[in-house]
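First the structure, in the form of structure tokens, and then the observations on it.
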Amino acid sequence: MHEPSLPDRSIAAYDRVTPTGRLERLHSLADALEDVRILHVNSTAAGGGVAELLRSIVPLSTDLGIDTDWLVMDADDDFFEVTKAIHNGLQGSGQPLTEAMKTTYRAVTDENGAEIDGEYDLVVIHDPQPLGMLDRLDERLPDAPVVWRCHIDLTEPEPASLEFVTGYTRRVDHGIVSRSAFEDRIDVPSTSVVYPSIDPLTEKNRSLAPETIAAERDRLDPLSFDAPVLTQISRFDPWKDQFGTLEAYRHAKEERPDLQLALVGGMAGDDPEGLEVYERVAREAMDDPNVHVLTDRSDTAVNVLQRESDVVMQKSLREGFGLVVSEALWKRTPVVGSTVGGIPLQIDDGRTGYLVDPDDTDAAGDRVVALVADDERRAEFGENAREHVREQFLLPRQLEELLEIFTAVLD
Ligand code: UDP
């Protein structure tokens, strides 16, 4: 396993975006955890929402005085093919695990678990990839409770995948899911619901100087913000449904021939499917000069795209939470999203954006047309969106809830 390099963070900097009393509560929760060492384990240092969350949660916990480490598993594509199948199965359509795949999973998680040598008092395992380390954790840290933080959409898991994962989850001390509808889907001794959050002070989410925005807009040429822009930012993954977004765009284009579509994505280190999906999306988009398929963009570019687009779309078929929705809403950009997983928690239909049935690409396209045509509605939705995220989906709120859970689990 390896430790990713992390930026320095200061909780005091969040004062401006945090309701009265929360920072004090965070400090007193942290004081009570002063002698506790916490370890977070996941499977990628970059790409995707879990890495995005840990990059803020870990340094801020440290700044609060809680001794917190983050270790990322070392593994190759064979392992990630297996864990992607588990992930897909939990979301409802995975390739069944063969005995050979299970053997790979056990061997790689065991090797990684054998490398844990710190004296931790609490271990937080993110998603199913590291769950196979439980035997090693029992051996090395027999007194440390284990929390399983599941970021996946558990609306309709496949029984075989669920059974494989349950063999591990019923041995942890506590589970955390992102939406109450997922709570009864997994077998853990107890569960909590914690909504994820965005970090308003990162390069991706902070406000930017007009010159920075202008320079980044130039870099995105031939995409032009002088004509309407619809954007989706997601890993290239079948669940993110870039093909559905393309269909919605084509429908919208019948009314708005000047509409452009930016499909922006990166490849997470633990997602071997990404390249193949990217190639299929790029091929499908090739004939339309108004569709821009962009990869490996900087956080500043993502920030500018979310900020400057007229509408952001998130047409996922499953979505544990979908940080990209709150990221866009925070930048006052309305979002058209499907009614799956964590998306309806974030979009207040008709106030901050629109919710659409995941199968109804025409309805998604119609919502885009309506928003693009109406500057006032976009501005009003944008203001509502900013407040909605400020109230519910900023980092200090999530951190407070996590520290409360850690305190209870250690009690
Ligand atoms: N992201 C990014 N560049 C990309 C695609 C995604 O920086 O090209 C980021 C995005 O801004 C968000 C995270 O990756 O912070 C994706 O998190 P989300 O919860 O939306 O989805 P996940 O990938 O975890 O399923």
Practice problem: With viscosity set to 1.002 mPa s and temperature to 20 °C, compute the Stokes-Einstein D of region 1-129, Rh being the Kirkwood radius across alpha carbon pairs; µm²/s, no decimals. | Solution: 130 µm²/s
Quiz item: For the chain, with every protein chain kept in place, what is the accessible area per residue (1.4 Å probe, Å²)?
Solution: 40 Å²
Quiz item: HN-Hα J couplings of region 120-132 from phi, Karplus 6.51/-1.76/1.60, θ = phi - 60°, integer Hz, Gly and Pro as x?
Solution: 9, 9, 8, 10, 10, 9, 9, 6, x, 3, x, 4, x
Quiz item: What percentages, rounded to whole numbers, describe P(r) for region 249-299 computed over all alpha carbon pairs with 5 Å bin width beginning at zero?
Solution: 5, 18, 25, 21, 15, 10, 4, 1
Practice problem: Give me D for the chain in µm² s⁻¹, whole number, from Stokes-Einstein with Rh from the Kirkwood sum over alpha-carbon pairs, 37 °C and 0.692 mPa s. | Solution: 150 µm²/s
Self-check item: Separation of alpha-carbon centers, region 317-377 and region 396-411, rounded to whole Å
Solution: 30 Å
Quiz item: Angle between the Cα long axis of helix 299-308 and the longest principal axis of the chain, 0 to 90 degrees, nearest 10?
Solution: 40 degrees
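Once you compute Rg and the Kirkwood Rh from C-alpha atoms, what is the Rg to Rh ratio for region 286-409? Don't skip to the end; give the middle numbers.
Working: Rg = 15.7 Å, Rh = 15.4 Å.
So for region 286-409, dividing Rg by the Kirkwood Rh gives 1.02.
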Quiz item: If the cut-off is 27 Å between C-alpha atoms, which lysines fall inside it for LYS102, apart from same-chain ones fewer than 8 positions away?
Solution: LYS84, LYS240
Practice problem: Could you give the size of the charge dipole of region 210-355 about its Cα centre, using +1 on the Cβ of each K and R and -1 on the Cβ of each D and E, expressed in debye and rounded to the nearest 20? | Solution: 320 debye
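So how strong a dipole does the chain carry about its Cα centre when Lys and Arg Cβ are +1 and Asp and Glu Cβ are -1, to the nearest 20 debye?
Details: 40 positive and 81 negative charges, 164 e Å.
Taking the Cα centre of the chain as origin, the dipole is about 780 debye.
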Self-check item: region 1-57 and region 102-152: distance between their alpha carbon centers, rounded to Å
Solution: 20 Å
Exercise. Could you state the angle between the C-alpha long axis of helix 210-219 and the longest principal axis of the C-alpha atoms of the chain, as a value from 0 to 90 degrees rounded to the nearest 10?
Key: 80 degrees
Quiz item: So what's the angle, to the nearest 10 degrees on a 0 to 90 scale, between helix 49-63 and the longest Cα principal axis of the chain?
Solution: 60 degrees
Practice problem: Specify, per residue and in Å³, the volume enclosed by the convex hull of the alpha carbon atoms belonging to region 176-302. | Solution: 154 Å³
Self-check item: Surface share of carbon and sulfur [accessible, 1.4 angstrom probe, percent] for region 320-411
Solution: 40 percent
Exercise. Take the alpha carbon atoms of region 195-250, find their center, do the same for region 153-181, and report the distance between the two centers in whole angstrom.
Key: 32 Å
Practice problem: Starting from the Cα of LYS204, draw a straight line to each of the aspartates and glutamates and keep only those under 17 Å, dropping any in the same chain fewer than 8 residues away. | Solution: ASP8, GLU52, GLU216, ASP296, ASP299, GLU308, GLU327
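Ordered by packing density, taken as the mean number of other Cβ atoms within 10 Å over each peptide's residues, highest first, how do 65-74, 291-300 rank? Present the calculation step by step, with values, prior to reporting the outcome.
Values: 65-74: 20.1, 291-300: 16.5.
Taking the mean over residues of other Cβ atoms within 10 Å, the ranking is 65-74, 291-300.
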Quiz prompt | Neighbour net charge for ASP411 - beta-carbon separation under 13 angstrom, K R +1, D E -1 | solution = -3
Self-check item: region 75-120 shape via C-alpha gyration tensor axes, a/c threshold 1.5
Solution: prolate
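If the convex hull of the alpha-carbon atoms of region 138-224 is projected onto planes in all directions, what is the mean projected area in square nanometres?
Numbers: hull surface 40.7 nm².
Orientation-averaged projected area of the Cα hull: 10.2 nm².
The values are calculated or read from the model by the stated rules, or taken from the named source; none is laboratory data. These numbers were taken from a predicted model, which means no experiment stands behind them. As a convention, Cβ positions derive from the backbone with ideal geometry for all residues, glycine included, and neighbour counts pool all protein chains shown. Each accessible area value is taken on the protein alone, full model and side chains, heavy atoms only, with ligands, DNA and RNA left out. Shrake-Rupley method; radii C 1.70, N 1.55, O 1.52, S 1.80 Å.
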